[in-house]
Each structure stands twice: as C-alpha cells, then as structure tokens.
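Undergrad: Have a look at this one before I ask anything.
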Amino acid sequence: MHRVAIIRGDGIGPEISEATVRVLGASGAKLTWVEVPMGQEGRRLFGSELPWSSLETVRRLGTALKAPLVAERCCGGVVVEAPGEVRRYPSVNNGLRRELGAYANVRPVRGFAGVSGRYQHLDLVLVREVTEDTYAGLERQPEQGRAEATKLITQEASRRIARFACEYAIRHGRRKITAVHKANVLHLTDGLFLESVRAVTAEYPSLVFQDRMVDATCYLLVRHPQDFDVLVLPNQYGDILSDLAAALVGSLGLAPGVNFGNGVAVFEAAHGAAPDIAGRGLANPVALILSGALLLEYLGEAEAAGRVRRAVAAVLAEGRFLTPDLGGRATTAELTQAICERMDSV
Ligand code: ATP
C-alpha cells in the first residue's frame with residue numbers, strides 16, 4: 001500500500017482529481033490518498049493557500065498528486081508562514097515547488113492516434129528548471145510608471161537541471177539534449193545557462209548536444225517537432241514552450257508532468273486551473289490521469305501504469321468519448337468511465 005498526498009486543486013481541479021482517483025483505483029495499484037488542503041481549500045480551512053501543515057505532510061509522504069491551483073493574478077503573491085519566518089512567492093505553484101525543493105519540472109509530450117493528427121507519433125520531453133529565472137519573484141516598482149524584474153540564473157541551478165536532464169535521458173533511452181536560450185541577447189544570464197548545460201552534457205558522450213534560440217525553437221517545434229528529443233530550459237521559456245508543445249499533440253488536456261526535488265515528487269498536469277470551464281463537466285482529465293500513470297511508475301507499479309496508458313490511448317483512438325477540447329461532446333465523467341471500463345481489456 002502506497003500513501004500518497006492528494007491536492008484536489010482549484011477550478012477544474014476537483015473534477016479531474018476525482019477522475020484520476022477513479023482511474024488509478026481501477027488500475028489495480030494499491031494507493032491510500034492523504035487529503036492535503038492547498039489553494040482555495042487551504043485558504044478556507046487554514047487562512048493560507050500554502051498552509052505549513054500541508055507542506056509538512058507532502059514533505060513527509062514524499063509523493064503527491066496535485067491538481068492545478070489558481071495562479072495569483074494580483075500583486076502581493078502567496079505567503080508561507082514557516083516556523084519563525086514568513087516567506088513570499090509570486091504564485092502558489094511557484095511557492096509549492098520552491099518550498100519542497102522541487103527544481104526539475106518534467107513534461108513529456110506524446111501524441112495519440114485519433115486526436116493528435118500528424119503529430120500522433122510525437123514523443124519529446126521538456127525539462128524545465130523551476131526555482132529561478134524571471135519567476136524567482138524579484139520584481140519591483142521603483143517609481144510610478146516603471147517596473148523591473150530580475151532574471152536570476154545561477155551556475156549551480158543550471159548545472160543541476162542539466163545533470164538531471166542527462167540522467168533522465170540516459171534512464172529513458174533518449175539520445176539528444178537541446179538547450180533552449182537567448183544567449184545572443186541575454187549574454188550573461190542565458191549565456192551562463194547555456195555554458196553550464198554545455199559543460200555538463202560534455203560528461204555524457206552518448207548523448208548528442210545541441211542548442212537553439214528560444215524563438216527558433218518555437219518555429220522549429222511547429223515545423224519539425226520530431227527533430228527534438230529532450231529539451232532543457234530555464235523557467236520562463238519552459239513554461240511557455242510546454243503549452244506550445246501540448247498544442248501540437250491536440251490539447252493542454254493531454255499534457256502530464258512531474259516536479260522532482262530531493263526526496264520529493266509532485267505529479268501534476270501541465271495546464272492550469274481553467275476557471276473558464278470549471279464546474280461544467282467539460283474538463284479533459286487525461287493530463288492528470290497520465291500524471292497519475294507517471295506516479296504509478298515512480299512507485300514501482302509499472303504494470304498498473306501501462307494499463308492506464310493503454311486504456312487512455314485506446315479510448316482516445318476510438319474517438320467516442322472525447323471532451324470538447326478534443327472536438328468531442330463527452331463529459332469529464334463519461335471519458336473517465338470509458339477509460340476505467342477499457343482497463344480490463346488492454
Ligand atoms: P496557469 O497560468 O495557471 O498555468 P493558464 O492561464 O495558462 O493557467 P489554463 O488554466 O492552463 O490557463 O487554461 C488555458 C486554456 O486551456 C483555457 O481556455 C482552458 O479552458 C483550457 N484548458 C486547460 N486545461 C484544460 C483541460 N484539462 N481540459 C480542457 N481545457 C483545458
């Protein structure tokens with residue numbers, strides 16, 4: 001029996017986390033969920049989006065399934081009241097990752113027959129650094145009509161993410177690492193990132209290394225995405241390019257992810273809380289369900305993970321139960337039910 005934290009999330013979070021719990025339950029893996037209030041639920045119960053007790057529970061359990069939390073849209077950010085210290089973060093997701101020491105956000109992008117068109121065979125992975133860059137929270141307004149953000153890049157964090165990407169590539173039988181940057185303009189910051197990634201990848205002669213400007217990467221990802229394998233990116237480019245890559249295969253609702261730190265893994269969809277469709281049964285639960293499959297694999301339940309993936313692929317290929325983002329009319333519950341029923345025959 002594995003004990004796993006569950007953060008039900010905001011917006012579409014509760015709907016897709018319920019769907020994921022059902023599918024993982026039907027996979028045969030033995031999981032016990034430990035409810036952890038964060039986001040709006042955390043604020044309601046404990047007066048904070050990131051309650052200290054919730055953070056402690058995730059740290060203790062080491063693994064969590066996290067549905068999306070609403071990103072702050074106003075100034076002030078999110079406050080964490082640690083014993084003897086108050087820390088402030090620009091958003092709840094940003095604060096959660098940094099409080100847990102999760103520095104590597106892995107987002108596999110895979111196409112599916114039936115919904116991904118010409119990109120049904122696409123298979124690439126974005127490895128995004130999530131502790132620094134322009135999302136470090138170093139923004140200020142020195143005077144009216146002027147605002148500044150610091151882009152923080154360190155050799156230590158850049159090397160750490162590069163090593164993570166290389167080790168990930170080797171473990172998963174991948175061959176090529178692409179460092180994404182804009183070092184021809186941001187000479188010092190992106191220059192340091194690029195130089196650090198290049199130095200680390202040189203220690204892995206079995207991997208092919210290349211680097212690409214972020215603007216060229218957008219173009220090339222749309223034109224020839226199959227030329228990419230593992231992309232390693234600073235925080236902000238990783239945020240933006242992972243939405244672009246999800247669109248290639250058909251929907252943000254298909255894109256899973258995980259944040260890794262030392263001794264902690266938080267599995268989450270690449271998309272946000274989608275408040276525009278929340279509570280209407282329109283959400284595609286597949287991204288979080290596939291994040292659940294990654295969680296099963298991480299827990300050593302490879303067979304159950306395979307069953308979940310095959311059931312998802314079969315239902316998408318069949319095309320009878322697609323949510324509106326995929327061009328269908330099925331509800332979240334109908335797609336979930338179809339995946340659960342398919343699990344026995346895959
Ligand atoms: P965040 O800043 O928190 O990442 P965001 O502002 O980028 O969030 P999302 O919440 O990811 O936005 O939503 C972007 C668009 O994609 C919205 O129109 C939303 O409805 C749609 N979307 C996102 N996730 C899903 C999903 N699982 N199923 C269907 N549509 C989705």
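Undergrad: Per residue, how big is the convex hull around the C-alpha atoms of region 1-99? Give it to me in cubic angstrom, could you? Before the final figure, lay out each step's value.
TA: Values: hull volume 8.9 nm³, N = 99.
Convex hull volume per residue, Cα atoms: 90 Å³.
Undergrad: On full extension of the chain, what length is gained from R223 through Q155, given 0.36 nm per residue of separation minus the C-alpha to C-alpha distance? Before the final figure, lay out the partial values.
TA: Working: separation 68, 0.36 × 68 = 24.48 nm, distance 3.19 nm.
Residue separation times 0.36 nm, minus the Cα-Cα distance, leaves 21.3 nm.
Undergrad: I would also like to ask the following. Work out the FRET efficiency for K30 and E341 from their Cβ-Cβ distance, taking R0 = 22 Å, and round it to the nearest 0.05. Intermediate values should be presented prior to the final figure.
TA: Working: r = 21 Å, r/R0 = 0.94.
After rounding to 0.05, the efficiency reads 0.60.
Undergrad: When the expected Rg is taken as 2.2 N^0.38 Å, what fraction or multiple of it is the alpha-carbon Rg of region 131-278? Kindly include the intermediate steps, with their values, before the conclusion.
TA: Values: Rg = 16.4 Å, N = 148, 2.2 N^0.38 = 14.7 Å.
Region 131-278 yields a ratio of 1.12.
Undergrad: Okay, next question. When the helix-only estimate is applied to the chain (DSSP H runs of n ≥ 4, each -39,500 (n - 2.57), divided by the residue count), what is the mean residue ellipticity at 222 nm, nearest 500 deg cm²/dmol? Please list the in-between numbers first.
TA: Working: 11 runs with 136 residues, N = 346.
Rounded to the nearest 500, the figure is -12500 deg cm²/dmol.
Undergrad: Still on this model: Per the Cauchy relation, a quarter of the hull surface: what is the mean projected area of the convex hull of the alpha carbons in region 103-211, in nm²?
TA: Average of the hull's projected areas for region 103-211 equals 9.3 nm².
Undergrad: Here is a further query. Which of W33, W52 has the fewest other C-beta atoms within 10 Å, and how do the rest follow up to the most?
TA: W52, W33
Undergrad: Same structure, new question: Can you give the % of DSSP beta bridges in the chain that are antiparallel, to the nearest 5? Walk me through the intermediate numbers first.
TA: Working: 24 of 49 bridges.
Antiparallel bridges make up about 50 percent of those DSSP assigns within the chain.
Undergrad: If we count every other residue with Cβ under 14 angstrom of L192's Cβ, Lys/Arg +1 and Asp/Glu -1, where does the sum land? It would help to have the intermediate numbers written out before the result.
TA: Details: positive: K151, R159, R160, K182, R198; negative: E129, E132, D133, E156, D190, E195, D211.
Taking every other residue near L192 into account, the sum is -2.
Undergrad: Please report the relative contact order for the chain, taking Cα pairs under 8 Å with a sequence separation of at least 6, and give it as a percent rounded to a whole number. Display every interim value, and only then the final one.
TA: Details: 755 pairs, mean separation 74.2, N = 346.
That works out to 21 percent.
Undergrad: Same structure again: Sequence gap at least 6, Cα distance under 8 Å: using those rules, report the relative contact order of region 263-335 to the nearest whole percent. Could the numbers behind the result be given before it?
TA: On the way: 69 pairs, mean separation 21.2, N = 73.
Relative contact order for region 263-335 comes out at 29 percent.
Undergrad: Note the direction-averaged projected area, equal to a quarter of the hull surface, for the Cα convex hull of the chain, in nm². Walk me through the numbers on the way to the answer.
TA: Working: hull surface 71.5 nm².
Averaged projected hull area, Cα only: 17.9 nm².
Undergrad: Over region 36-84, calculate the relative contact order: mean separation of alpha carbon pairs under 8 Å at least 6 apart, over the residue count, as a percent. List each step's numbers first, then the result.
TA: Numbers: 40 pairs, mean separation 18.0, N = 49.
Taking the mean separation of contacting Cα pairs over the length of region 36-84, I get 37 percent.
Undergrad: How big is the C-alpha Rg of region 208-346 next to the rule-of-thumb value 2.2 N^0.38 Å, as a ratio? Spell out each step's value before the answer.
TA: Values: Rg = 16.3 Å, N = 139, 2.2 N^0.38 = 14.3 Å.
For region 208-346, the normalised Cα radius of gyration is 1.13.
Undergrad: Checking the cross-link filter: which lysines have an alpha carbon closer than 18 Å to that of K151, excluding same-chain neighbours under 8 positions apart?
TA: Output for K151: K182.
Undergrad: With θ set to phi - 60° and the Karplus curve 6.51 cos²θ - 1.76 cosθ + 1.60, what are the ³J(HN,Hα) couplings of region 301-310 in order, to the nearest whole Hz, using x for Gly and Pro?
TA: 9, 5, 5, 4, 4, x, 4, 4, 5, 5
Undergrad: Can you figure out the FRET efficiency of V208 with R171, using R₀ = 22 Å and their beta-carbon distance, to the nearest 0.05?
TA: Details: r = 17 Å, r/R0 = 0.75.
Calculated value: 0.85.
Undergrad: Within straight cross-link reach of K30, meaning Cα distance under 30 Å, which lysines are found once same-chain residues fewer than 8 apart are removed?
TA: Once the sequence-local lysines are set aside, what remains near K30 is K66.
Undergrad: Moving on. Against the empirical 2.2 N^0.38 Å scaling, what ratio does the C-alpha Rg of region 207-260 come to? Don't skip to the answer; put the middle values down first.
TA: Values: Rg = 11.3 Å, N = 54, 2.2 N^0.38 = 10.0 Å.
Its radius of gyration relative to the 2.2 N^0.38 Å reference: 1.13.
Since every read-out is calculated from the coordinates, none of them should be taken as a lab result. Small disclaimer: the values here were computed from a predicted structure and weren't measured. Backbone-built Cβ (ideal geometry, glycine too); neighbour counts: all protein chains shown.
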